[in-house]
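*Asks:* Quick one: the structure is below, questions incoming.
Bear in mind that the values in this text are calculations on the coordinates, not laboratory data. Keep in mind that this is a model prediction, so the values were computed, not measured. Reconstructed Cβ throughout: ideal geometry from the backbone, glycine too, with neighbour counts over all protein chains shown.
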Amino acid sequence: MYKKFFGLKESPFKVNPDPRYLFLTPGIQEALASLAYGIRGRRGIILLTGEVGTGKTTLLHMILDWLRQNRAATAFIFNTNLTTTELFECLMADLGIPCESHSKSEILMRLNRWLLDRYSNGQMAVLIVDEAQSLSDQVLEEIRFLTNLETSTDKLLQVVLSGQPELEEKLRQPHLRQLRQRITVRCRTNPLTLEETQGYIAERLRIAGASNGSLFSPEAVESIYRHARGIPRVTNVLCEHALINCFADQQKTVTSAHIEGVAHEFELDRPTAQQSTRAEDLSSVERVLRDLSTVLERMRQPTSFAVGSGKESYEPHS
Ligand SMILES: Nc1ncnc2c1ncn2[C@@H]1O[C@H](COP(=O)(O)OP(=O)(O)OP(=O)(O)O)[C@@H](O)[C@H]1O
Ligand SMILES: [Mg+2]
């Protein structure tokens, strides 16, 4: 509803993972390069992790577009609440391999033959699994078996596992160590810095057709960064609602007051459970440091117990 008012062709801050809007920070470029290197080099399993809303799915869509342009066959699994049978069904259907049989050995035989055919034509086949932190251990094990399909020199099926940091924790479990050992490339998505947030907002506005590059005041961008802490999804929510409120006020520039209003509405100005835990962690660290310095002071007092000759100075380890 505000598009015409602000001279936009489309809404700039939708929260769907549209790769057209991909903003390339150095971190994102590095993650993209690692993904492309791992896939092209037929390295087996590639791991992409990152906090909620930092752009993993957007990056995967970008990689999928790139793979399709390069005539690679792709299977994309995003519903990770699936059984091993469903995993094979999705994989075969997405890769376009006809198979009526439900026998696992028959499915694997067909898959292997099909992959060898593609390999001899110099084509890639890639399985991409999003939200992999929710996969069951059995499905993860089947994915590991799939990477056993290989020639004497190369993996036939490349696998990208993407998920929130819980995925890394999951893969640290001893019974999944065989899978962990097969991960040859790791990459991450990270929150944006303040400067990147500025660039991110400007770039989304530009792609959406804005002619006014300073639709958000610098103070507004700082407020966005403070509340979103560099998370693109939260940044989008703040920007979208601030534009609506700005339009309602019939103003042409989004100010920090608009952002503060939206942040309050979405309760972003209150500490989350995670933030308060972090604050507690921090205060407990501060407490320990205080205790340590009290101990240190006591140790340095001549009346306290002697350490060696009493002349040694205490250098805390960094
Ligand atoms: N580098 C980026 N460039 C442009 N938009 C981005 C970028 N990173 C994230 N976004 C935007 O932020 C929103 C959330 O991104 P996305 O869904 O990819 O995050 P995610 O890491 O997959 O989150 P989750 O862990 O919840 O699955 C989307 O609207 C997406 O377009
Ligand atoms: Mg996602």
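*Asks:* Pairs on different chains or at least eight residues apart, Cα atoms closer than 16 Å: how many lysine pairs in the chain fit?
*Replies:* Counting lysine pairs in the chain gives 4.
*Asks:* How many percent of the alpha carbon pairs in the chain exceed a separation of 35 Å?
*Replies:* Across the chain, Cα pairs with separations above 35 Å total 41 percent.
*Asks:* S134: net charge of surrounding residues, Cβ under 11 Å, Lys/Arg +1, Asp/Glu -1, itself excluded?
*Replies:* -2
*Asks:* Across the chain, where is the longest run that never hits GluC sites (Glu not before Pro) in a DSSP loop with at most 12 other C-beta atoms within 10 Å?
*Replies:* Counting only loop sites that pass the neighbour cut-off, the longest clear stretch is 101-266.
*Asks:* Return the loop-located trypsin sites (Lys or Arg not before Pro) in the stretch 75-176 (DSSP other than H, G, I, E, B) with at most 14 other Cβ atoms within 10 Å of their own Cβ; answer none if there are none.
*Replies:* R172
*Asks:* Taking chymotrypsin sites (Phe, Trp or Tyr not before Pro) as candidate sites, keep only those in a DSSP loop with at most 10 other Cβ atoms within 10 Å, then name the longest stretch of the chain containing none of them.
*Replies:* Segment 1-304 is the longest.
*Asks:* How far apart, in nm, are the 7 Å Cα→Cβ label points at Q250 and S217?
*Replies:* Once both label points are built, they end up 2.0 nm from each other.
*Asks:* Need one number: % antiparallel among DSSP beta bridges in the chain, to the nearest 5.
*Replies:* That works out to approximately 5 percent antiparallel.
*Asks:* Would you please name the trypsin sites (Lys or Arg not before Pro) within the stretch 1-90 that are DSSP coil residues with at most 15 other C-beta atoms within 10 Å of their C-beta?
*Replies:* K9, K14, R71
*Asks:* Next question. Take the chain, connect every pair of alpha-carbon atoms lying under 10 Å apart with a spring to form a Gaussian network, then pick out the residue of L157, L24, L127 with the largest mean-square fluctuation.
*Replies:* Of L157, L24, L127, the Gaussian network model singles out L24 as fluctuating most.
*Asks:* Right, another one. Once fully extended, how much extra length lies between S105 and N148, figured as 0.36 nm per residue of separation less the alpha-carbon to alpha-carbon distance?
*Replies:* Full extension from S105 to N148 adds 14.1 nm.
*Asks:* Counting DSSP beta bridges with both partners in the stretch 26-189, what percentage is antiparallel, nearest 5?
*Replies:* Among the beta bridges of the stretch 26-189, antiparallel pairing accounts for roughly 5 percent.
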